[in-house]
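Peer 1: Dumping the structure here so I can ask a few things about it.
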Amino acid sequence: MTRIGRIRGLALLTGALMCAVWGRPAMAEGSGSATLDAAIARGQVLCGLSGQVPGFSLPDSQGVMRGLDADSCRAVAAAALGDAGKAKFVATTTQNRFTALQSGEVDVLSRSTTWTLGREANLGLEFAWVNYYDGTGFLVKTSSGVKSAKDMDGATICVQPGTSTELAINDYFRLNKMKFTPILIQDLPEIQGAFLSGRCDAYSTDSSALATFRFSQGPKAADLVLLPEIISKEPLGVMVRKGDDKWFDVVRWTFIAMITAEEKGITSANVDTFMNSADPDIRRLLGLEGDMGKALGLDNKWAYNVIKQVGNLGEVWDRNITPMGVTRGINNIWTKGGLQYAPPIR
Ligand SMILES: N[C@@H](CCC(=O)N[C@@H](CS)C(=O)NCC(=O)O)C(=O)O
């Protein structure tokens, strides 16, 4: 080998070693989140949802999953992988949803699931954020003449098993010294059919779902009445497995980013006009300074990607829930009298 050849060979070897040295830690360390690393490796965030509830998760005529729960998941995919299109939707039922998350079949569960102590303490799962503040309601036939839940002593009530609705109804009837007969039906079209065909006097679930179901009846909506009582608090949360705190952070702060954007008037349409903003809060949100994304194990444009591709929380609401005729109320941001309040991104 000539001298030049030896030097070249040495240079190549040195380069290879340096690559190995520089390359390896990144590979071995990963993001610090097993869930995020697995999502990056497969190029998808796996999202558990229902797939049957208008406004929350239902495929449109093109087969594209639409709804608040679907968009919640898209936002996580945009933050985690830089691409909202990398959310993969997995249908779950009220009964198998927790197993789907525990077993790793999904990375995040965004499925009208009420945040309760029992669930958080017993299932090895936790709630990262609330994407809809709901409550249990009752839907009855207008022709029944029932005007109040208090008129329902002795009623038969259709309810899905494994839900917090079951518990809420039990509590309400016990407290009001009334009796009822539950009719437990798992399948959504089946329970709705059972109610419409008169197998039960009332259909009970989260009032959001009752409102959107009623709305989906079109001209026949007038045949159904949502009773005025909301008998429980049902904060519907987005869940992750316990034990992967970095992933919990990613999911939680994705929602906080969407709320912050709404607070600041940043939308999917105008976000680029904020890229030379002087507001330090906006600069940190959009990854222009502060390494906020890096702190989460993400790209610093994590929140930019969420806002640009999915929108702020108000846009998500207006796209999915407003068309169902449901007003935002307590689901608004705090500056408009609601409960959604973003802790500071700093
Ligand atoms: N929030 C309650 C109720 C959940 C529930 O029953 N959701 C219904 C209404 S939104 C649902 O997802 N039905 C659709 C389905 O079963 O596919 C819970 O967490 O247990």
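Bear in mind these aren't lab numbers, they're just calculated from the coordinates by the rules spelled out. Values in this document were obtained by computation on a predicted structure and should not be read as measured data. Cβ atoms come from the backbone with ideal geometry, glycine included; neighbour counts cover every protein chain shown.
Peer 1: Please tell me which of these pairs span more than 27 angstrom C-alpha to C-alpha: K88/K220; K242/K308; K88/K242; K294/K336? Don't jump to the answer; show the numbers that get you there.
Peer 2: Numbers: K88/K220 34 Å; K242/K308 30 Å; K88/K242 21 Å; K294/K336 31 Å.
Pairs exceeding the cut-off: K88/K220; K242/K308; K294/K336.
Peer 1: Also, quick follow-up: Assigning unit charges at the beta carbon (Lys, Arg +1; Asp, Glu -1) and nothing else, what dipole magnitude in debye, to the nearest 20, does segment 172-213 show about its Cα centre? Please list the in-between numbers first.
Peer 2: Working: 4 positive and 4 negative charges, 68 e Å.
The calculated dipole for segment 172-213 is roughly 320 debye.
Peer 1: Could you state, as a whole-number percent, how many of the C-alpha pairs of the chain are farther apart than 33 Å?
Peer 2: Values: 21200 of 59685 pairs.
Tail fraction, whole percent: 36.
Peer 1: For n ≥ 4 DSSP H runs only, could you compute -39500 (n - 2.57) per run for the chain, divide by its residues and tell me the 222 nm figure to the nearest 500? The partial results should precede the final answer.
Peer 2: Numbers: 13 runs with 140 residues, N = 346.
Theoretical 222 nm ellipticity from helices: -12000 deg cm²/dmol.
Peer 1: Next question, about the same structure. Classify segment 44-142 as rounded, prolate or oblate from the Cα gyration tensor: take a ≥ b ≥ c as the square roots of its eigenvalues, call it rounded if a/c is under 1.5, otherwise prolate when a/b beats b/c and oblate if not.
Peer 2: On the way: a/c = 1.77, a/b = 1.10, b/c = 1.60.
Judged from the Cα gyration tensor, segment 44-142 comes out oblate (a/c at least 1.5, b/c at or above a/b).
Peer 1: Further question on the same structure: Can you list the residues of segment 81-120 with backbone N under 15 Å from a point 7 Å past the Cα of L184, pointing along Cα to Cβ?
Peer 2: Under cut-off, by backbone N: 94-97.
Peer 1: So what's segment 106-211 giving for Rg/Rh, alpha carbon basis, Kirkwood Rh from the mean inverse pair distance?
Peer 2: Values: Rg = 14.8 Å, Rh = 14.9 Å.
Result: Rg/Rh = 0.99.
Peer 1: Could you give me the percent of Cα pairs per 5 Å distance bin for segment 216-346, shortest bin first, beginning at zero and ending with the bin that holds the maximum distance?
Peer 2: Using 5 Å bins, I get a P(r) of 2, 9, 16, 20, 18, 13, 9, 6, 4, 3, 1, 0 for segment 216-346.
Peer 1: Taking the Cα centre as origin and putting +1 on Lys and Arg beta-carbons and -1 on Asp and Glu beta-carbons, what dipole magnitude results for segment 136-232, to the nearest 20 debye? Write down the numbers at each step before the final one.
Peer 2: Values: 9 positive and 10 negative charges, 51 e Å.
Using only the charged Cβ atoms, the result is roughly 240 debye.
Peer 1: Placing unit charges on C-beta atoms (Lys and Arg positive, Asp and Glu negative, everything else neutral), compute the dipole magnitude of the chain about its Cα centre in debye, rounded to 20. Provide the component values of the computation, followed by the final result.
Peer 2: Numbers: 36 positive and 35 negative charges, 146 e Å.
Around 700 debye, computed over the chain.
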